[in-house]
Amino acid sequence: QVQLVESGGGLVQAGGSLRLSCAASGSIVSIKYMGWYRQTPGKQRELVATISRGGSTKYADSVKGRFTISGENAKNTVYLQMNSLKPEDTAVYYCEAVNLRGEDYWGEGTLVTVSS
């Protein structure tokens, strides 16, 4: 049983920045990796970035060079620093955590809106 609490979403102008955060709490066995996905109405939910306990990261091509994922293992917390935001980044962003037993958990999602 894991609860994910997200924060940091909001409305920004194109070219601006936001930082999302997600903290996992509850009966955690051990987190293997955490990540961010996003979804726009009518589209498939897509990977934005992931980070493993060891610090390995992966990014979608569309956000490379603009977004940075980081984490604090002791706090079971992951961050997504989003710079140079574009209108096409507008989406609901979801936090995911996967433990060593292969069990995954999702946050409720936070809306990021980038105006042009």
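Data table
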read-out: Of the criteria (1) of a type outside the set (Phe, Trp, Tyr); (2) part of a loop (DSSP other than H, G, I, E, B); (3) closer than 19 Å to Leu4 by Cβ; (4) touching a strand residue (DSSP E or B) at 6+ places or on another chain (Cβ under 8 Å), which one Leu85 fails; value: (3)
read-out: Subset of the stretch 46-55 (residues that are modelled with pLDDT of 95 or more and open to solvent by 60 Å² or more (accessible area, probe 1.4 Å)); value: Glu46, Leu47
read-out: Residue selected from the stretch 1-24 under the condition small (Gly, Ala, Ser), open to solvent by less than 50 Å² (accessible area, probe 1.4 Å) and within 17 Å of the chain's Cα centre (by Cα), by the criterion farthest from Glu96 (Cα to Cα); value: Gly10
read-out: Tally, over the stretch 64-95, of residues that are at pLDDT below 95 and of a type in the set (Asp, Glu); value: 1
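For (1) under 15 Å from the mean Cα position of the chain (by Cα); (2) buried (at least 19 other Cβ atoms within 10 Å of the Cβ); (3) free of Cβ contacts under 8 Å to residues at least 24 places away in the same chain, each residue gets a yes or a no:
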| site | (1), (2), (3) |
| --- | --- |
| Thr68 | yes, no, yes |
| Glu72 | yes, no, yes |
| Asn76 | yes, yes, no |
| Pro87 | no, no, no |
| Tyr93 | yes, yes, no |
| Val98 | yes, no, no |
| Arg101 | no, no, no |
| Trp106 | yes, no, no |
| Val112 | yes, yes, no |
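The values are calculated or read from the model by the stated rules, or taken from the named source; none is laboratory data. No experiment lies behind these values; they were computed from the predicted model shown. Every residue, glycine among them, receives a Cβ derived from its backbone with ideal geometry; neighbour counts consider all protein chains shown. Areas reflect the complete protein model, heavy atoms only, side chains present, ligands, DNA and RNA absent. Shrake-Rupley method; radii C 1.70, N 1.55, O 1.52, S 1.80 Å.
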